[in-house]
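For reference, the structure is listed below as structure tokens.
Readers should treat all values here as calculations from the given coordinates under stated rules, not as data from a laboratory. Because the structure is predicted, anything quoted here is derived from the model rather than measured. As a convention, Cβ positions derive from the backbone with ideal geometry for all residues, glycine included, and neighbour counts pool all protein chains shown.
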Amino acid sequence: MSFTLSPLPYAYDALEPHIDAQTMQIHHGKHHQAYVDNLNKAIAGTENESKPIEELVAHAGSISAAVRNNGGGHWNHGFFWESMSANAGGAPTGKLAEAIDAAFGSFESLKEKLAAAGMTRFGSGWAWLIVKEGKLEICSTPNQDNPLMDIAEVKGTPILGIDVWEHAYYLKYQNKRADYLAAFWHVVNWSVVEARMNAAM
Ligand code: MN
């Protein structure tokens, strides 16, 4: 078995002007494709060839760096594409809004804390909103690690992830990671995030 790159669930220009089409084309078609290709190379002929991506990620501490990095890259990006959509953004509603208020005080506070997690992640990595023991929490991971990994500093079930690698924003935002993080709120698909939360609670 080998892994394949799924098409984006929307057009490359669907997230304009917040995330530009060229960034999406390169990010999905080149970066994500490379994680898939390198993951397939790394598992070829090994026992990991027959395992689902979730199982590889869950055992990140006992697999090679190539499988951890590229397997994490494959899982993280698939999750990321589905976290966004056209005509999205705004404020979360319903049970998700209630859980956010309970955990962080307000949606504004969640945005500040998640942006801070993204800004303080040195180098490349991800900022996450997770469900941990029935509550929402914020954390970040380096490289292509994620909170599902056994080696993660903070473990939980991700319900929203923000890619803070430079390749996610550099063409449009250059060094201004904070501007990219502010724009991200216009493309979050809150109904997907809420469904993930309900499944994890
Ligand atoms: Mn990326």
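When only C-alpha pairs under 8 Å and at least 6 residues apart count, what is the relative contact order of the range 74-151, in percent?
The normalised contact order for the range 74-151 reaches 22 percent.
Report the relative contact order of the range 148-201, percent, no decimals, based on alpha-carbon pairs under 8 angstrom and at least 6 residues apart.
It rounds to 31 percent for the range 148-201.
Output the pairs from Lys41/Lys155; Lys111/Lys155; Lys135/Lys176; Lys51/Lys95 with a Cα-Cα distance over 24 Å in this structure; if there are none, say none.
Beyond 24 Å: Lys41/Lys155; Lys135/Lys176; Lys51/Lys95.
Can you tell me, using C-alpha contacts under 8 Å and at least 6 residues apart, the relative contact order of the chain as a whole percent?
Dividing the mean separation by the residue count of the chain yields 24 percent.
Taking Cα centroids, how far is the range 151-201 from the range 22-89 in Å?
About 16 Å separates the Cα centre of the range 151-201 from the one of the range 22-89.
I want the local charge near Leu110. Using Cβ-Cβ distances under 14 Å, sum +1 for each Lys or Arg and -1 for each Asp or Glu among the other residues.
-3
If a/c stays under 1.5 just call it rounded; otherwise compare a/b with b/c (prolate if a/b is bigger, oblate if not). Do that for the range 6-157, with a ≥ b ≥ c from the square roots of the Cα gyration tensor eigenvalues.
oblate
Give me the Kirkwood hydrodynamic radius of the range 114-157 in Å, from all C-alpha pairs, to one decimal place?
That comes to 10.4 Å for the range 114-157.
May I ask you to compute the full-extension gain from Glu54 to Asn175, defined as 0.36 nm times their residue separation minus their alpha-carbon distance, rounded to one decimal in nm?
Length gained, Glu54 through Asn175: 40.3 nm.
How many nm separate the modelled label positions at Ser191 and His18, each set 7 Å beyond the Cα in the direction of the Cβ?
Reported label-point gap for Ser191 and His18 is 1.6 nm.
Would you please state the base-10 log of I(q)/I(0) at q = 0.11 1/Å for the range 135-201, with intensities from the Debye formula using one equal scatterer on every alpha carbon?
Debye output, listed in q order: -0.32.
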